[in-house]
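Scroll down for the structure; my scribbles are underneath it.
We did not get these values from a lab; they are worked out from the coordinates using the rules stated. Everything quoted here is computed from the prediction, not taken from an experiment. Note that each Cβ is placed from the backbone with ideal geometry, even for glycine, and that neighbours are counted across all protein chains shown.
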Amino acid sequence: MKKFLIQLAAISRFVGDTIRYVFKGPFEFRELTRQCYLIGYRSFFLIGFTSFIAGIVFTRQSRPSLASFGAESWLPSLVSQAVVRSLGPLITALICAGKLGSNIGAELGSMRVSEQIDAMEVSGTRPFSYLVVTRVIAATMMLPILVMYADTIALLGSYMMVNMINKSSFQLFVNEVAVSVTYLDIFSSLVKSAIFGFAIGIVGCYAGYNTSGGTTGVGRAANTAVVVSMVFIFVIDLVSLQFINLFRTT
Amino acid sequence: MNAIVEHSQTKKRVAADNGRESVVTIRDLEKSFGDRDILKKVNLDLFKGENLVIIGKSGTGKSVLIKCMVGLIKPDAGHINILGYDVPYLNEAELNELRLQVGFSFQGSALYDSMTVRENLEFPLKRNMKLFDRNKLNDLIIEALEDVGLAHAVDQFPSELSGGMKKRIGIARTLILKPKIMLYDEPTAGLDPITSREINELINSVREKYHTSSIIITHDLTCAKQTGDRLVALFNGQIQVEGSFKEMSQVDDPEIKAFFNY
Ligand SMILES: Nc1ncnc2c1ncn2[C@@H]1O[C@H](COP(=O)(O)OP(=O)(O)O)[C@@H](O)[C@H]1O
Ligand SMILES: [Mg+2]
């Protein structure tokens with residue numbers, strides 16, 4: 001318990017430092033763009049692939065229950081709400097927790113144990129802004145973008161499934177989606193995604209930056225980064241659900 | 001040896017010992033991890049222009065000692081004065097100012113492995129000196145690489161280099177900031193005897209060209225003999241004996257004897 005509290009205090013300080021350095025600078029524009037590019041590039045294919053399949057599967061499985069009420073025409077509306085509100089952000093965040101979290105944890109972890117971070121520090125180059133702040137900002141900015149991309153692909157998958165069962169026009173599908181998805185849905189999902197990104201970035205960086213114990217430590221850091229950020233994602237998802245519901249009228 | 005014992009309030013202070021100027025003064029330095037006392041009242045001086053070798057078994061805290069000097073590890077008690085800076089009490093800006101004047105060669109070289117050799121050397125210049133002029137950067141990089149005899153490796157990645165080359169690049173990366181003090185952590189560890197000798201010669205030529213004062217941590221006797229003007233032994237958390245290589249090898253202390261008659 002005492003250890004847990006100490007850990008919690010250390011994490012809070014880490015988050016505080018990160019936010020402080022975001023405003024204090026130095027601002028690492030080049031490194032930030034590089035990190036953003038890497039995040040997008042690394043997970044682009046996997047997120048597209050899984051979202052597409054999730055769209056197909058979800059549509060296929062929801063259809064029978066809707067059909068039993070004679071409410072098959074609601075399918076696009078149901079799917080689009082599910083995708084935008086929950087499926088898209090969750091799939092994207094979990095994939096990023098896996099890919100990005102392990103990547104950041106292992107990269108910073110091996111830089112720590114091979115004394116590269118110490119070397120940056122003794123040459124007076126303030127590694128914290130360069131390594132941590134850039135990665136956290138990049139993750140926070142890229143997650144919403146990836147979520148929009150995932151939503152789009154998932155809905156494409158869904159349309160394909162709808163179209164395969166009974167021919168319907170793309171135009172009609174898009175209209176139905178546009179009607180059933182509100183601005184609140186989109187806005188809250190993007191904010192939620194940014195928070196997911198922040199959590200993934202912070203957890204990965206914290207685990208990596210504080211690695212000790214050689215090669216085993218690096219493995220442990222990568223592992224911790226993935227597991228803890230996944231837990232965080234579900235907790236954030238649950239909390240934000242409650243929070244967003246305060247604003248819903250229907 | 002007892003130039004300064006009293007701690008004064010001023011941060012800038014230069015000590016003198018029989019006319020020899022002391023650039024590093026360490027007094028009663030203590031550091032423990034958990035319940036393990038690693039350093040117990042260490043006293044040490046580094047005089048201007050000398051190569052000081054610290055020998056000692058592995059795990060006695062040699063690395064901890066020099067990491068305390070550059071503020072990577074915070075000591076529990078004691079004073080460290082380097083070039084007039086009171087290291088444990090510096091703020092971030094002052095610490096950075098000092099770090100630019102102290103070169104640190106890490107045991108494992110610690111090259112940034114996502115960057116080429118050129119980018120490794122540029123890193124402190126760009127980020128610290130705000131130096132972005134292509135030609136100027138290039139001149140400085142080539143000069144530092146020529147000092148260590150590796151100008152041809154400028155576009156290689158650290159993973160493509162041998163252990164000895166990495167050590168040299170690591171040293172070049174610190175030389176590029178023109179340090180006044182060099183700290184070498186086991187510069188020859190893990191290297192073959194021939195490469196080791198080349199590194200020892202490099203350490204000596206660095207002193208000649210840059211007029212550095214250096215601390216060389218090693219348990220390699222050849223390295224101690226070739227580079228050291230003065231040797232001290234760190235055993236059981238304290239500096240036990242001091243002398244030239246020849247004097248040390250004749251000391252009648254069982255631990256030191258064991259060290260020299262391996
Ligand atoms: N950050 C740390 N946390 C805990 N123990 C440490 C730390 N750094 C070093 N130690 C311990 O201090 C002792 C001295 O380490 P070190 O200075 O690296 O030895 P060496 O003389 O071989 O360089 C070792 O036993 C090591 O386990
Ligand atoms: Mg060591």
Checklist entry - Given Cα pairs under 8 Å that are at least 6 residues apart, what percent is the relative contact order of the stretch A:116-250? => result 29
Checklist entry - Which value at 222 nm does chain B reach when only helices count, each DSSP H run of 4 or more adding -39,500 (n - 2.57), with the total divided by all residues and rounded to the nearest 500 deg cm²/dmol? => result -10000 deg cm²/dmol
Checklist entry - Cα to Cα, under 15 Å, and not fewer than 8 places away if on the same chain: which aspartates and glutamates meet these conditions relative to B:LYS225? => result B:GLU50, B:GLU186, B:GLU198, B:GLU201, B:GLU242, B:GLU247
Checklist entry - Excluding A:CYS36 itself, what net charge comes from residues whose Cβ is under 15 Å from its Cβ, given Lys and Arg +1 and Asp and Glu -1? => result +3
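With each run of n ≥ 4 DSSP H residues scored as -39500 (n - 2.57), what mean residue ellipticity at 222 nm is computed for chain A after dividing by its residue count and rounding to the nearest 500 deg cm²/dmol?
Numbers: 10 runs with 201 residues, N = 250.
So the calculated ellipticity at 222 nm is -27500 deg cm²/dmol.
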Checklist entry - Which shape class, rounded, prolate or oblate, goes with chain B when its Cα gyration tensor gives a ≥ b ≥ c as root eigenvalues, a/c under 1.5 marks rounded, and past that a/b bigger than b/c marks prolate? => result oblate
Checklist entry - In what order do A:GLU115, A:GLU28, B:GLU30 fall by count of nearby beta-carbon atoms within 10 Å, going from fewest to most? => result B:GLU30, A:GLU28, A:GLU115
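In which sequence would A:TYR183, A:TYR37 go, from the one with the fewest C-beta neighbours within 10 Å to the one with the most? Please report the intermediate quantities before stating the final value.
Numbers: A:TYR183 7, A:TYR37 12.
With the sparsest Cβ surroundings first, the list reads A:TYR183, A:TYR37.
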Checklist entry - For the protein assembly as shown, what is the percent of antiparallel DSSP beta bridges, rounded to the nearest 5? => result 55
Checklist entry - Under a 5 Å amide H to amide H cut-off, with H placed in plane at 1.01 Å, what residues pair with B:ASP76 once short-range neighbours are removed? => result B:GLU30, B:LYS31, B:SER32
Checklist entry - Which listed residue (B:PRO158, A:GLY70, A:PHE14) has the Cα farthest towards the positive end of the charge dipole for the protein assembly as shown, taking +1 on Lys and Arg C-beta and -1 on Asp and Glu C-beta about the Cα centre? => result A:GLY70
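Expressed as a rounded percentage, what relative contact order does the stretch B:111-178 have, with Cα pairs under 8 Å and six or more residues apart? If you can, show how the numbers build up before the last one.
Details: 62 pairs, mean separation 32.5, N = 68.
In percent, rounded to a whole number, it is 48.
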Item to check | Whole-number percent relative contact order across chain B, with pairs defined as alpha carbons under 8 Å at least 6 apart | outcome: 24
Item to check | lysines with Cα under 28 Å of A:LYS99, excluding same-chain neighbours fewer than 8 positions away | outcome: A:LYS192
Next on the checklist: Considering only C-alpha atoms, what is the centroid distance from the stretch B:101-140 to the stretch A:128-145, in Å?
Outcome noted: 24
Next on the checklist: Less than 17 Å apart at the alpha-carbon level, and either on another chain or at least 8 residues along: which lysines does that give for B:LYS40?
Outcome noted: B:LYS31, B:LYS57, B:LYS62, B:LYS67, B:LYS74
Checklist outcome for this item: With +1 at each Lys and Arg Cβ and -1 at each Asp and Glu Cβ, the charge dipole magnitude of the stretch B:111-178 around its Cα centre, to the nearest 20 debye, comes out at 280
Checklist entry - In a shell of Cβ-Cβ distance under 15 Å around B:GLY59, excluding B:GLY59 itself, what net charge do Lys and Arg (+1) and Asp and Glu (-1) give? => result +2
Checklist outcome for this item: In the stretch B:111-178, lysine pairs 8 or more places apart or on different chains with C-alpha atoms under 18 Å apart total 5
